[in-house]
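Asks: Mind looking over this structure? Questions follow.
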Amino acid sequence: MTNTGILYLVATPIGNLEDITYRAVRTLQEVDMVAAEDTRHALKLFSRYQVRKRIISYREENRKRQGDYILSQLLEGKNVALISDAGMPGISDPGEDLVRRAVENGIRAVPVPGPTALISALVVSGFSTSAFIFHGFIPKEQAKRRKFLQSLIQEKKTIVLYESPHRIKAVIQEIMDTLGDRRVCICRELTKKFEEILRGTASEILKAVDSSPARGEYVIVIEGLSAGAKENEREKANSSVIEEMFQLMDGGMKRSDAASSVAKSRGISRKEIYTKSLNTNKFKKREPK
C-alpha cells in the first residue's frame with residue numbers, strides 16, 4: 001500500500017506579515033498543495049515570501065466536497081498544507097473537520113505552530129494564564145447567548161471568546177448584565193498598525209466601544225470569578241434578573257408572565273427566577289391587581 005501524505009497545519013500571521021516562521025515558509029514551499037480558507041488572502045502572503053504553489057479553496061461552504069478531494073490526495077501520498085486566513089488552522093474554522101477526518105483515515109497531521117489571536121490576547125490581558133477556557137465565537141441568537149453566559153457565572157478560569165464587530169456592544173452589555181461588572185480585556189487588529197487593547201470593567205469597556213467605530217474581529221478576555229467575589233457576582237447576576245422582572249411587573253404584567261418573559265430572553269429557568277422573586281422583599285406587595 002502506498003504511504004499516505006502528511007497534512008501540515010501551518011499557522012499564518014494574524015496581522016503583521018512578518019509574524020511567520022522560517023519553518024512555515026519552508027513547509028509551504030515544499031508541500032504538493034496548499035488548502036486555504038481564502039485563496040486571495042493566501043496569494044498576498046505567498047507573494048511576500050515567494051511561495052509558488054498550487055492553492056485550492058477550503059472553507060465552510062465547500063468543506064465536504066473539498067475535504068473529500070484533499071483526503072483523496074493525502075491517501076495518494078501527496079503532502080498538503082492547510083492554512084486559515086489568520087493564525088492556527090483548526091481553531092474556530094472548518095480545518096477542525098478536515099483534521100478529524102484525516103486522523104480517522106490514519107493520515108498523519110503535523111502542526112507547524114505560530115501566531116494565534118486567542119493566546120496573544122490572553123497573555124496581554126493581565127489576567128491569570130495558569131488556567132483558562134476558550135469558547136470561540138459564541139451564539140448569535142440573544143436567548144442562546146444569554147444562556148451561554150449564564151453557564152459562565154461561576155467559572156473561575158479566565159475566559160477567552162471571539163466576537164464580530166457587529167455584536168461587540170451587545171455582547172459586552174450582556175456580559176455586564178449576566179456576569180456582573182467583571183474586569184474585561186478586548187483586543188482587535190492584533191499585530192496590525194492600528195492594534196487596540198482595552199482593559200477595564202465591563203461598564204468601562206462598554207463606554208469605550210460605544211464611542212468608537214467597531215471594526216475587525218475582537219478577542220474578549222474575561223477575568224474568572226475569584227473566591228472572594230463569588231457571592232458578590234452571584235448577587236449581581238441575580239439582581240439584574242430580579243430588576244428586569246420588577247420593571248415588567250410595574251408595567252402591569254403578572255408575576256408568572258414576567259418570569260416567563262425574563263426566562264425566555266435570558267435563556268434561564270423560569271421556575272428558578274419565579275422562586276427568587278417570591279423571596280425578594282420588594283416583590284412581595286408588587287403583584288398587579
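Only the coordinates and a few stated rules stand behind these numbers; no lab work does. Predicted model, so just to flag it, every value in this text is computed and none were measured. Don't worry about glycine lacking a Cβ; one is built from the backbone with ideal geometry, like all the others, and counts go over all protein chains shown.
Asks: If I take every Cα pair under 8 Å that is 6 or more residues apart in the chain, average their sequence separation and divide by the length, what percent do I get for the relative contact order?
Replies: About 17 percent, as a whole number.
Asks: Follow-up. Quickly estimate the mean residue ellipticity at 222 nm for the chain, helices only: each DSSP H run with n ≥ 4 gives -39500 (n - 2.57), and the total goes over all residues, rounded to 500.
Replies: -13000 deg cm²/dmol
Asks: Loop only per DSSP, at most 12 neighbouring Cβ atoms within 10 Å: give me the GluC sites (Glu not before Pro) in the stretch 62-166, ordered by residue number.
Replies: When the GluC sites (Glu not before Pro) of the stretch 62-166 are filtered for loop state and at most 12 Cβ neighbours within 10 Å, GLU76, GLU141 remain.
Asks: How about the stretch 8-76: which chymotrypsin sites (Phe, Trp or Tyr not before Pro) there are in a DSSP loop, with at most 16 other Cβ atoms within 10 Å of their Cβ?
Replies: TYR49
Asks: If the viscosity is 0.692 mPa s and the temperature 37 °C, what translational diffusion coefficient in µm²/s does Stokes-Einstein give for the stretch 6-115 when Rh comes from Kirkwood over Cα pairs?
Replies: Estimated diffusion coefficient is 243 µm²/s.
Asks: Sticking with this one: Given the pairs LYS147/LYS207; LYS147/LYS271; LYS169/LYS207; LYS254/LYS276; LYS147/LYS264, which span a C-alpha to C-alpha distance of over 18 angstrom in this model?
Replies: LYS147/LYS207
Asks: Return the distance in nm (one decimal) between the two label points of a simple spin-label model at ALA109 and GLU272, each offset 7 Å from Cα along Cα→Cβ.
Replies: Roughly 3.4 nm, to one decimal.
Asks: Applying the Karplus parametrisation 6.51 cos²θ - 1.76 cosθ + 1.60 with θ = phi - 60° to the phi angles of the stretch 182-199, what ³J(HN,Hα) value in whole Hz is obtained for each residue in order, glycine and proline being reported as x?
Replies: 5, 6, 9, 10, 10, 10, 9, 6, 4, 6, 8, 4, 9, 3, 9, 10, 10, 10
Asks: Quick one: what Rg and Dmax do you get for the chain from the alpha carbons, in Å?
Replies: When restricted to the Cα atoms of the chain, Rg and Dmax are 23.6, 81 Å.
Asks: Treat the count of other C-beta atoms within 10 Å as a stand-in for reagent exposure and order ILE91, ILE273, ILE159 from fewest to most.
Replies: Fewest-to-most ranking of ILE91, ILE273, ILE159: ILE91, ILE273, ILE159.
Asks: Still on this structure, please answer the following. Which residue, SER265, SER130, SER120, has the most motion in a Gaussian network model of the chain that connects Cα atoms within less than 10 Å?
Replies: Ranking SER265, SER130, SER120 by mean-square fluctuation puts SER130 first.
Asks: Same structure again: For the stretch 127-136, just list the computed ³J(HN,Hα) in residue order, Karplus coefficients 6.51, -1.76 and 1.60, θ = phi - 60°, integers in Hz, with x standing in for Gly and Pro.
Replies: 9, 4, 10, 6, 8, 8, 10, 10, 10, x
Asks: Moving on. In debye to the nearest 20, how big a dipole does the stretch 118-226 give about its Cα centre with +1 on each Lys and Arg Cβ and -1 on each Asp and Glu Cβ?
Replies: Taking the Cα centre of the stretch 118-226 as origin, the dipole is about 180 debye.
Asks: Restricting to DSSP loop positions (anything but H, G, I, E, B) with no more than 16 other Cβ atoms inside 10 Å of their own Cβ, which GluC sites (Glu not before Pro) remain in the stretch 185-216?
Replies: Qualifying residues, ordered by number: GLU189, GLU195.
Asks: Of SER256, SER47, SER240, which is the most mobile in a GNM of the chain whose springs link Cα atoms less than 10 angstrom apart?
Replies: SER47
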